[in-house]
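First up is the structure itself, then whatever we jot down about it.
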Amino acid sequence: MSLSSEKAVQTIYVDMDDVLCQTAHHFLTILERDFGKQFSFEQLTDFDVGQACALTAEEREELYRVVHNGEELLSIPPIEGAVNVLQQWSAAGYEIAIVTGRPPDTYEPSIEWLKRHAVPHDRILIVDKYGRFAADGTRCISLDALTKHRFCWAVEDSPIMAIYLATQMKIPVALLDRPWNRKDVNHDLVGRHSHWHEIARALPVKNS
Ligand SMILES: [Mg+2]
């Protein structure tokens, strides 16, 4: 066996919304534009925007319907620093797996968004992270099925997923610091970072 074939490729798990894309800011834009409601980013202290902004069930449903429209998704800007860091990791030989909890019917615009912003990725996994849709076992997988995948490191903003990855899958997690993940995310494997530059410094990239 050659030396190169003995080396297992390491895969990094990267979430999409509020890790690669400025999704929460876009939620706030839609809330103001379509609902006439103003909230600040710091007011988003619950992972569920509906809870954080005290929306009715109907308003929440409409907000999610609007934000998951293809054109809306494509208009969301990337988070500063993210693409550069992923390019560095990819160049260092890491595989990038985009692991999103978006509904399965957002697959096409999500792929298009990654392409438009030159986000390096080897695969995209749609995972029913929050029990919001049915996993079909092919394009969309369950949380249980996710545990069959191996990752060396994960980047998330979701407090629920950070704890799941750390406890169930024993994966070190870089948690992007956000108002909605400042409570109840205490685990030795979860490190909090305010910017992608910090995450790049924290990840022990091996070039050999
Ligand atoms: Mg996210």
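No lab work stands behind these numbers, since they all come straight from the coordinates. Nothing here was measured: the structure is a model prediction, and the numbers come from that model. Note that we place each Cβ from the backbone using ideal geometry, even for glycine, and neighbour counts take in every protein chain shown.
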ask   = Karplus couplings for the stretch 75-80 from phi (6.51 cos²θ - 1.76 cosθ + 1.60, θ = phi - 60°), rounded to Hz, Gly and Pro as x?
value = 7, 6, x, x, 7, 4
query = Relative to a virtual label point 7 Å from the Cα of Ser40 in the Cα→beta-carbon direction, which members of the stretch 73-99 show backbone nitrogen distances below 15 Å?
reply = none
inquiry  = For the chain, what does the helix formula give at 222 nm: sum of -39500 (n - 2.57) over DSSP H segments with n ≥ 4, over the residue count, nearest 500 deg cm²/dmol?
reply    = -10000 deg cm²/dmol
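Cα gyration tensor of the stretch 54-208, axes a ≥ b ≥ c as square roots of the eigenvalues: rounded (a/c below 1.5), prolate (a/b > b/c) or oblate?
Values: a/c = 1.43, a/b = 1.26, b/c = 1.13.
Because its axes are fairly even, with a/c under 1.5, the stretch 54-208 counts as rounded.
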query = Hey, rough spin-label estimate for His149 and Asp184, points 7 angstrom out along Cα→Cβ, what's it come to in nanometres?
reply = 2.5 nm
query = Between Cys21 and residues 5 or more places away or on another chain, which pairs have amide H atoms under 5 Å apart, with H built 1.01 Å from N, and which residues are they?
reply = Ile79
remark   = Note to self: C-alpha centroids of the stretch 132-208 and the stretch 53-129 sit apart, in Å, by 15 Å
message = If N is the number of residues in the stretch 23-74, what value comes out of its Cα radius of gyration divided by 2.2 N^0.38 Å?
response = 1.02
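For the chain, what's the relative contact order in percent, using C-alpha pairs closer than 8 Å and at least 6 residues apart? Present the calculation step by step, with values, prior to reporting the outcome.
Working: 306 pairs, mean separation 49.3, N = 208.
Over the chain, the number comes to 24 percent.
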ask   = Tally Lys and Arg at +1 and Asp and Glu at -1 over the other residues with C-beta under 14 Å from the C-beta of Cys140: what net charge comes out?
value = 0
ask   = If you plug each phi of the stretch 35-43 into the Karplus form 6.51 cos²θ - 1.76 cosθ + 1.60 with θ = phi - 60°, what whole-Hz ³J(HN,Hα) values come out, in order, with x for Gly and Pro?
value = 10, x, 10, 10, 9, 9, 4, 5, 7
Amide H partners (placed H, <5 Å) of Leu125, local residues excluded = Ile98, Val99, Thr100
